[in-house]
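A.B. asks: Right, I'll just put the structure down here and ask away after.
What follows draws every value from the coordinates through simple rules; no lab data is involved. Everything quoted here is computed from the prediction, not taken from an experiment.
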Amino acid sequence: MSPLLARCAFWQDNDTGNSGYTVRILCRETGERLENFSAVRIAEIYTSIQGEGFLTGTTSSFVRVTGCNLRCWFCDTPYTSWNPQGETLEVCEILQRVKSLGRRHVVITGGEPMMYTDLVPLCGQLRAANHHITLETAGTRFLPLDCDLMSISPKLANSVPSRKRAAAWRERHEQRRHRPAVIRQLIDAHTNYQMKFVIDRPPDCLDVIRYLKDYPQIPRERVLLMPQGIDGFTLASKREWLEPWCHQRGFHYCPRKQIEWFGKLPAS
């Protein structure tokens with residue numbers, strides 16, 4: 001760890017007008033914001049095979065940030081949201097680790113990557129190194145960054161945690177999960193995008209139809225519906241009714257192949 005990095009602390013500012021949180025880097029000693037210094041909290045960096053979306057089957061480097069402004073009850077990476085874990089890395093260190101993995105395709109995921117303004121220089125330098133960048137986001141915050149595939153996963157009402165589990169987060173999550181202006185910014189700025197919705201029960205499919213009525217510019221061939229679940233049996237049982245429904249209505253069915261291939265493990 002560099003001496004400067006050792007002096008840093010991350011601070012999350014309330015920003016209810018946009019994302020709910022913005023991550024800023026502060027000096028531990030003075031509390032002042034550190035300028036001209038780029039770092040991100042990282043849960044893991046690894047190589048795997050993309051298991052969801054248009055690039056399923058593509059071997060890629062994954063950069064998973066930790067920290068999220070939402071609390072989906074079904075989050076399959078709770079170590080980046082409910083119990084965020086990880087290390088603080090300067091952008092140059094992230095780039096070095098990605099380079100060492102030797103893959104052109106890079107997926108930046110989370111958590112919620114858009115919480116970090118230093119994602120902008122990270123993506124810029126990845127692009128300069130000729131990497132193909134996929135950025136995964138819930139669509140609650142916009143940053144002007146380089147990206148080859150913007151992967152947007154809006155959170156429907158089915159994502160809200162129960163009052164028993166997290167009463168305070170239930171209200172925050174509901175307030176933050178739907179940001180129409182941000183969704184429009186993302187699809188206007190990135191011509192190559194995909195919209196992924198998590199489906200838990202059949203009524204969720206109707207929520208997708210209602211959601212898309214506000215975005216007539218989104219063609220159905222860019223919409224993917226994937227079953228909620230973290231084990232093969234659950235995914236297979238939901239596929240029986242979800243896949244034919246998608247085909248009937250012109251949506252893509254999105255299997256979660258990484259769970260089929262590797263199970264539910266970190267770095268998979």
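A.B. asks: Pick from CYS72, CYS147, CYS246: which is most flexible by mean-square fluctuation in a GNM of the chain where alpha carbon atoms under 10 Å apart are linked?
C.D. replies: Of CYS72, CYS147, CYS246, the most mobile in the Gaussian network model is CYS246.
A.B. asks: While we're here: Step through the residues of the stretch 216-233 one at a time and calculate ³J(HN,Hα) from phi using the Karplus curve (6.51 cos²θ - 1.76 cosθ + 1.60, θ = phi - 60°), rounding each to whole Hz and writing x for Gly and Pro.
C.D. replies: Couplings: x, 6, 8, x, 5, 6, 9, 9, 10, 10, 10, x, 7, x, 10, 9, x, 5 Hz.
A.B. asks: Pick out which of GLN258, GLN194, GLN96 has the largest mean-square fluctuation in a Gaussian network model of the chain, springs linking Cα atoms closer than 10 Å.
C.D. replies: Maximum among the listed residues: GLN96.
A.B. asks: Return the calculated 222 nm mean residue ellipticity for the chain, to the nearest 500 deg cm²/dmol, obtained by summing -39500 (n - 2.57) across DSSP H runs with n ≥ 4 and dividing by the residue count.
C.D. replies: One gets -9000 deg cm²/dmol as the mean residue ellipticity at 222 nm.
A.B. asks: Give the relative contact order (percent, whole number) for the chain; include only Cα pairs under 8 Å separated by 6+ residues.
C.D. replies: It comes to 16 percent, rounded to a whole number.
A.B. asks: Could you work out how far the C-alpha centroid of the stretch 45-65 sits from that of the stretch 178-220, in angstrom?
C.D. replies: Measuring centre to centre over Cα atoms gives 22 Å.
A.B. asks: May I pose another question? Restricting attention to the alpha-carbon atoms of the stretch 178-255, what are Rg (one decimal) and Dmax (integer), both in Å?
C.D. replies: Rg and Dmax of the stretch 178-255, Cα atoms, are 13.1, 38 Å.
A.B. asks: Over the chain, with a Gaussian network built from C-alpha contacts below 10 Å, which listed residue (LEU70, LEU242, LEU55) shows the highest mean-square fluctuation?
C.D. replies: With Cα springs under 10 Å in the chain, the top fluctuation among LEU70, LEU242, LEU55 is at LEU55.
A.B. asks: Please report the Cα spread of the stretch 39-262 along all three principal axes, rounded to whole Å, starting with the longest.
C.D. replies: Cα extents, longest axis first: 45, 37, 36 Å.
A.B. asks: On to the next question. Is the stretch 137-268 best put as rounded, prolate or oblate by its Cα gyration tensor, with a ≥ b ≥ c the root eigenvalues, rounded for a/c under 1.5, and otherwise prolate when a/b is larger than b/c, oblate when not?
C.D. replies: rounded
A.B. asks: Send over the per residue convex hull volume for the stretch 60-165, Cα only, as a whole number of Å³.
C.D. replies: 98 Å³
A.B. asks: Could you list which residues have their amide H under 5 Å from that of PHE62, counting only those 5 or more apart in sequence or on another chain, with H placed in the peptide plane?
C.D. replies: When sequence neighbours closer than 5 places are left aside, the close amide H contacts are TYR46, THR47, SER48, VAL107.
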